[in-house]
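Trainee: First, the structure itself, so that you have it in front of you.
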Amino acid sequence: MQVHAFVFEKAGPPTVMKWRIKELGDPGAGEALIRHTAIGLNYIDTYHRSGLYPIEFPSGIGLEAAGVVEAVGKGVTHVKKGDRVAYGSGPLGAYSEARIMPAATLIKLPKGVDDETAAAMMLKGMTVEYLINRTYKVKKDEWVLFQAAAGGVGLIAGQWLNAIGAHAIGTAGGPKKVKLAKEHGYEQVIDYKKTQNISDRVRKLTKGEGVPVVFDSVGKDTWTQSLDSLQPRGMMVSFGNSSGPVSDFSLGELASRGSLYITRPSLMAYTATRQELEKSARALFKMVTNGDVKIEINQRYALKEAPQAHRDLEGRKTTGSTILIP
Ligand code: NDP
């Protein structure tokens with residue numbers, strides 16, 4: 001079977017992604033052939049493409065999609081031909097019309113979750129699940145700071161935090177994004193294009209105390225402000241680098257800022273077993289089907305237009321989730 005897929009042979013700008021015809025064989029033992037109906041765009045795709053996260057070449061790209069199982073290999077019992085499924089993990093290669101995946105990564109979709117929603121939320125939504133349930137268990141009435149609140153992960157997080165009963169402070173670039181974040185669960189949103197000192201605002205909002213946890217995926221540009229927003233013994237959850245990676249950090253600063261904790265988590269480590277993966281996906285499906293979290297698909301591109309989608313994501317032109325349609 002011949003399909004179109006993006007492949008790239010070297011790291012670089014969006015033009016390194018090449019739209020090629022690929023031959024797919026039959027799925028082997030433990031594998032499934034899935035025909036994609038929608039593919040999720042994630043910031044991590046740009047790190048793989050740009051070389052920030054080194055990978056082996058030639059490579060496919062993309063980690064999140066939904067579709068229909070066309071065939072399964074030996075030993076696969078939890079999914080079968082005709083099932084609607086989705087995934088939010090490697091191996092790289094979601095930017096394709098169809099592909100062969102390790103079946104263990106696939107989750108069957110419940111009736112209440114359509115394919116586009118699934119493609120827009122599996123990776124991002126399970127990330128929110130592990131961050132606020134497991135990396136730091138956010139409690140009712142607790143104040144938290146979530147950077148990049150109007151993005152794909154950010155809009156899901158705001159609604160989930162709101163459902164828990166937490167007081168979420170978000171940050172976003174520009175008035176439109178601030179408004180959007182406010183409509184998605186954030187009690188307060190700081191426009192970090194206007195406000196130089198995020199931590200001062202956070203302290204004012206928390207009666208001088210600061211927050212017990214910061215979720216920061218912006219990296220370099222917000223790092224210091226995030227640390228300055230924490231209470232003594234607070235937890236810095238650094239889970240991305242959209243503005244560039246943090247470097248030159250001295251561990252001693254954790255002591256001088258009041259015995260802080262830092263973690264650099266990844267979804268892969270929190271969904272490493274099939275049991276963890278299923279539990280995380282179930283929690284996400286529950287939040288979405290009961291209406292606590294609405295997945296905002298604010299951009300749709302033809303799959304072939306993926307390089308433009310990368311430009312827009314890196315240019316901070318997107319909000320919420322973005323999907324690519326094969
Ligand atoms: P987003 O839709 O949130 O896009 C990134 C956002 O970051 C932009 O929209 C922009 O919002 C903000 N940003 C701030 N500074 C910059 C900059 N210099 N250049 C570009 N963007 C900037 O992406 P995702 O929802 O896909 O992912 C959000 C983050 O979470 C990423 O850093 C990603 O890598 C991380 N992540 C980590 C995971 C993990 O397990 N560790 C899993 C999933 C995602 P604004 O204009 O409002 O500033």
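Trainee: Which of the residues that make up the range 268-301 are under 20 Å from L106 (Cβ atoms), open to solvent by 30 Å² or more (accessible area, probe 1.4 Å) and not hydrophobic (A, V, I, L, M, F, W, C)?
Mentor: Y270, T273, R274, Q275, E276, E278, K279, R282, K286, T289
Trainee: Quick one: E296 ticks every box in (1) without any contact (Cβ under 8 Å) to a residue 60 or more places away in the chain; (2) within 14 Å of the ligand (Cβ to nearest atom) except a single one, so which number is it?
Mentor: Answer for E296: the failing condition is (1).
Trainee: What are the residues in the range 307-326 that are more than 14 Å from the ligand (Cβ to nearest atom) and either within 17 Å of S50 (Cα to Cα) or crowded, with 18+ Cβ neighbours inside 10 Å (or both), if any? Even if it seems obvious, please write down each step before you answer.
Mentor: Initially, the range 307-326 is screened for residues more than 14 Å from the ligand (Cβ to nearest atom), giving 307-308, 325-326.
The answer is P307, Q308, P326.
Trainee: Tell me which residues, restricted to the range 254-267, are within 12 Å of L227 (Cβ to Cβ) and open to solvent by less than 60 Å² (accessible area, probe 1.4 Å).
Mentor: Within the range 254-267, L254, G258, L260 qualify.
Trainee: K304 - would you say it is under 18 Å from D45 (Cβ atoms), assigned by TED's automatic domain parsing to the domain that holds E116 and either touching a residue at least 12 places away in the same chain (Cβ under 8 Å) or open to solvent by less than 70 Å² (accessible area, probe 1.4 Å) (or both)? Before the answer, list the steps.
Mentor: Details: under 18 Å from D45 (Cβ atoms): yes; assigned by TED's automatic domain parsing to the domain that holds E116: yes; either touching a residue at least 12 places away in the same chain (Cβ under 8 Å) or open to solvent by less than 70 Å² (accessible area, probe 1.4 Å) (or both): yes.
Criteria met by K304.
Trainee: If you check D248 against the conditions, is it open to solvent by 60 Å² or more (accessible area, probe 1.4 Å) and not β-branched (V, I, T)? Walk me through it before giving the result.
Mentor: Details: open to solvent by 60 Å² or more (accessible area, probe 1.4 Å): yes; not β-branched (V, I, T): yes.
Taking the combined requirement at face value, the residue satisfies it.
Trainee: From the list F239, F215, F285, which residue is in the same structural domain as P110 (by TED's automatic domain parsing), modelled with pLDDT of 95 or more and of a type in the set (F, W, Y)? Give the steps one after another, and end with the answer.
Mentor: Working: F239 fails: in the same structural domain as P110 (by TED's automatic domain parsing); F215 fails: in the same structural domain as P110 (by TED's automatic domain parsing).
None of the other options fit; the residue is F285.
Trainee: Let me ask another. Filter the range 126-165 down to residues that are in a loop (DSSP other than H, G, I, E, B), within 14 Å of the chain's Cα centre (by Cα) and either in the same structural domain as G88 (by TED's automatic domain parsing) or more than 9 Å from the ligand (Cβ to nearest atom) (or both), then give me how many there are. Write out each step before concluding.
Mentor: Of all residues in the range 126-165, those in a loop (DSSP other than H, G, I, E, B) come to 136-142, 147-151, 165.
Narrowing further to those that are within 14 Å of the chain's Cα centre (by Cα): 147-151.
Filter once more, keeping what is either in the same structural domain as G88 (by TED's automatic domain parsing) or more than 9 Å from the ligand (Cβ to nearest atom) (or both): none.
Here the count works out to 0.
Trainee: As an exercise: evaluate A168 against (1) more than 14 Å from the ligand (Cβ to nearest atom); (2) outside any strand (DSSP E or B); (3) farther than 29 Å from T105 by Cα and give the number of the one condition it does not meet.
Mentor: A168 satisfies every listed condition except (2).
Trainee: Name the pairs whose Cβ atoms lie under 9 Å apart, with the first residue in the range 178-196 and within 13 Å of the ligand (Cβ to nearest atom), the second among the aromatic types (F, W, Y), and 6 or more positions between them or separate chains?
Mentor: V178/Y186; A181/F146; Y186/F146
Trainee: Something else: Every residue in the range 72-88 that is free of Cβ contacts under 8 Å to residues at least 12 places away in the same chain and of a type in the set (K, R), please.
Mentor: Of the residues in the range 72-88, the ones free of Cβ contacts under 8 Å to residues at least 12 places away in the same chain are 77, 80.
The answer is K80, and nothing else.
Trainee: Please find, among H184, H167, the residue that is open to solvent by 20 Å² or more (accessible area, probe 1.4 Å), on the phi < 0 side of the Ramachandran plot and not β-branched (V, I, T). Steps first, answer last, please.
Mentor: Details: H184 fails: open to solvent by 20 Å² or more (accessible area, probe 1.4 Å).
Among H184, H167, only H167 is open to solvent by 20 Å² or more (accessible area, probe 1.4 Å), on the phi < 0 side of the Ramachandran plot and not β-branched (V, I, T).
Trainee: Enumerate the strands (runs of 3 or more DSSP E) found wholly within the range 1-80, keeping only those where 3 or more residues are open to solvent by less than 20 Å² (accessible area, probe 1.4 Å). Break it down stepwise before answering.
Mentor: Values: elements: 2-8, 18-23, 31-40, 65-72.
In the range 1-80, 2-8, 31-40, 65-72 are the strands (runs of 3 or more DSSP E) which contain 3 or more residues that are open to solvent by less than 20 Å² (accessible area, probe 1.4 Å).
Trainee: Could you tell me which residue of the range 106-122 is nearest to L24 (Cα to Cα), considering only residues that are under 16 Å from the mean Cα position of the chain (by Cα) and open to solvent by 20 Å² or more (accessible area, probe 1.4 Å)? Talk me through it step by step, then tell me what you get.
Mentor: To start, the set of residues in the range 106-122 that are under 16 Å from the mean Cα position of the chain (by Cα) comprises 116-122.
Narrowing further to those that are open to solvent by 20 Å² or more (accessible area, probe 1.4 Å): 116-117.
Numbers: E116: 24, T117: 26 Å.
Applying the filter and picking the extreme gives E116.
Trainee: Residue by residue through the range 261-278, note down the ones that are away from the ligand (no atom under 11 Å from the Cβ) and more than 16 Å from L123 (Cβ to Cβ).
Mentor: Y261, I262, T273, R274, Q275, listed by residue number.
The values are calculated or read from the model by the stated rules, or taken from the named source; none is laboratory data. Computed from a prediction, not measured in an experiment: that's the story for all the values here. Reconstructed Cβ throughout: ideal geometry from the backbone, glycine too, with neighbour counts over all protein chains shown. To get the accessible areas, we keep the full protein, side chains included, count just its heavy atoms, and leave off ligands, DNA and RNA. Shrake-Rupley method; radii C 1.70, N 1.55, O 1.52, S 1.80 Å.
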